[in-house]
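**Student:** Sharing a structure with you now.
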Amino acid sequence: MTATLVTCITTVSAITLSEDFSLSDLLENFKELGNVLDSWLPKNCVLRALFCGATTIVGLKLAPIILRKTSFIKNVETQSRYFHRSTTLPDLLKIKSDLLKELKEDSLTLPLNDDGKLVLLEINAGGGTNISYYPNGCVYIATDYWEDAKEHLEQNFKEEVEEPRITLDRFLLTIPERLISVPDSSVSAVICFHSLCSSSNVKLALLEVLRVLKPGGKMYFMEHVVTSKKFSGFWFMQLNFSLQMSMWDCHFRDFKTHIENAGFSKVNIAETMISFKGVRIPGPMKSLAPHIYGYAVK
C-alpha cells in the first residue's frame, strides 16, 4: 500500500503542465503562498482565531453574491419565488382555500369603505394568483417588492371578462413594512401569504398591517416558520440553509410569537408541517415545511 502511494505521488509530481512547469512546481507555489499568508497573520493564537473567524464570516457573506449569477442559483431563486407566491403544493392549496373561503364568509361582517365595498390588501401578491378566491365586487390593492409582479398582475386582470369581478385599485412596488401610501384604517382585510419572511423588520410590518386595517378588520396569514424543536434534525437543516434562503429574501423567524405580540385583539393560529412528498424541489426549500396559518383581528 505504501509503495503504491509513493508511486502515485512520484507520478503526480512528474506531471508536466508545460515544457518548463510541472505540477510539483505548482504545489510548491501554493506552499509559498501559504507561507506568505501565514506571515501576515498575528502570532497571538487568540487574535489569529478571531482573524480567521472574521475572514470566514466575510467569505460566507460574499459567497451568495458570487454564486447568485450561476444558472443553478437562478433556478432555485425562480422556484423560491413561485413557492412564496403561487405554489401548487396540495397541503398549501388546502390551507389557502380554507382561509379564503373563510374570507368570503366574513365579507358580510367585515368593515366596508364609504362606498359600501370590501377593500382587500394583498402583500407580495405576485401575479395575483389568489384573485379567483376573492368576493365579487371587492376593491383590490396589491403590493410586491418583485418588480415584474405588476406586469403579471395587470395581464391577469386583462384576461378577465369585460366586467371584472373585482376592481384593481392599484399596485404598490414596496416591501411589507412600508405601506405608507395606504391610508390609516382604510382596508377591510389583509392577505399575508408567505410575505412576512421577506420583511427585514417583522414588528414594523405587522404594525403597518394594524395601521391600515379598519377596526374589526382581519389579517389572513400563512407563513413558514422556524421549527420550535431546537437541536432537532430539522432545526439543523434550517440552520444549514438559512444563508442560502436569505439570498432570496426568505428568512426563518418565529412568526407565531410576532403575530401574537403584535397587538391584535384576537388571534387564531394553527400549526402544521407541509409535505413535499413526490415533489421535485431544491434541497434548501425543504426546510420551509413548518407552517402556521390563521387570522388576526384588529
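The values are calculated or read from the model by the stated rules, or taken from the named source; none is laboratory data. Please read all numbers here as calculations on a predicted model, not as lab measurements. As a convention, Cβ positions derive from the backbone with ideal geometry for all residues, glycine included, and neighbour counts pool all protein chains shown. Accessible surface areas use protein heavy atoms only, side chains included; no ligands, DNA or RNA. Shrake-Rupley method; radii C 1.70, N 1.55, O 1.52, S 1.80 Å.
**Student:** Students often forget the sequence filter, so: which lysines lie under 21 Å Cα-Cα from Lys31 once same-chain residues fewer than 8 apart are removed?
**Tutor:** Within reach: Lys43.
**Student:** For region 209-271, which trypsin sites (Lys or Arg not before Pro) pass both filters: DSSP loop (anything but H, G, I, E, B) and at most 16 other C-beta atoms within 10 Å?
**Tutor:** Passing both the DSSP loop test and the Cβ count: Lys229, Lys230, Arg253.
**Student:** Specify which residue in the list Ala189, Leu210, Phe234 is farthest towards the positive end of the charge dipole of region 176-238, using unit charges on the beta carbon of Lys, Arg (+1) and Asp, Glu (-1), about the Cα centre.
**Tutor:** So the residue furthest toward the plus end is Phe234.
**Student:** Give the lysines reachable from Lys101 as a straight Cα distance under 17 Å; neighbours fewer than 8 places away on the same chain don't count.
**Tutor:** Once the sequence-local lysines are set aside, what remains near Lys101 is Lys218.
**Student:** Let me ask something else about it. Can you give me the three principal axis dimensions of region 158-197 from its C-alpha atoms, in Å, biggest first?
**Tutor:** Principal extents (Cα only, largest first): 35, 23, 18 Å.
**Student:** What is the spread of the Cα atoms of region 115-242 along each of their three principal axes, largest first, in whole Å?
**Tutor:** Principal extents (largest minus smallest coordinate, Cα): 54, 33, 23 Å.
**Student:** While we're looking at this one, here's another question. Skipping prolines and chain starts, which residues have an amide H placed within reach, meaning under 5 Å, of the one on Leu172, given they are 5 or more residues away or on another chain?
**Tutor:** Those lying under 5 Å, H to H, from Leu172 are Ala142, Thr143, Asp144.
**Student:** Can you check what the net charge comes to around Asp184, using other residues whose Cβ is under 13 Å from the Cβ of Asp184 (Lys, Arg +1; Asp, Glu -1)?
**Tutor:** Overall, the nearby charge balance is +2.
**Student:** While we're here: Rounded to the nearest 10 Å², what accessible area does Asp91 show when all protein chains are kept and the probe is 1.4 Å?
**Tutor:** Asp91 exposes around 60 Å² with every protein chain in place.
**Student:** For the residue pair Asn29 and Thr257, what label-to-label distance in nm results when each label sits 7 Å from Cα along the Cα-to-beta-carbon direction?
**Tutor:** 5.2
**Student:** Quick one: of Lys74/Lys230; Lys104/Lys214; Lys230/Lys256, which pairs are farther than 21 Å apart, Cα to Cα?
**Tutor:** Lys74/Lys230
**Student:** Calculate log10 I(q)/I(0) of region 180-298 for q = 0.14, 0.20 Å⁻¹, where I(q) comes from the Debye formula with a single equal point scatterer on each Cα and nothing for solvent.
**Tutor:** So the normalised log intensities are -0.61, -1.08.
**Student:** Positive end of the charge dipole of region 123-172 (Lys, Arg +1 and Asp, Glu -1 on Cβ, about the Cα centre): tell me which of Pro135, Leu153, Ala125 has its Cα farthest that way.
**Tutor:** Positive-end residue among those listed: Pro135.
**Student:** Taking every pair of distinct Cα atoms and averaging 1/r, then inverting, what Kirkwood hydrodynamic radius in Å comes out for region 70-190?
**Tutor:** Evaluated over region 70-190, this radius sits at 15.5 Å.
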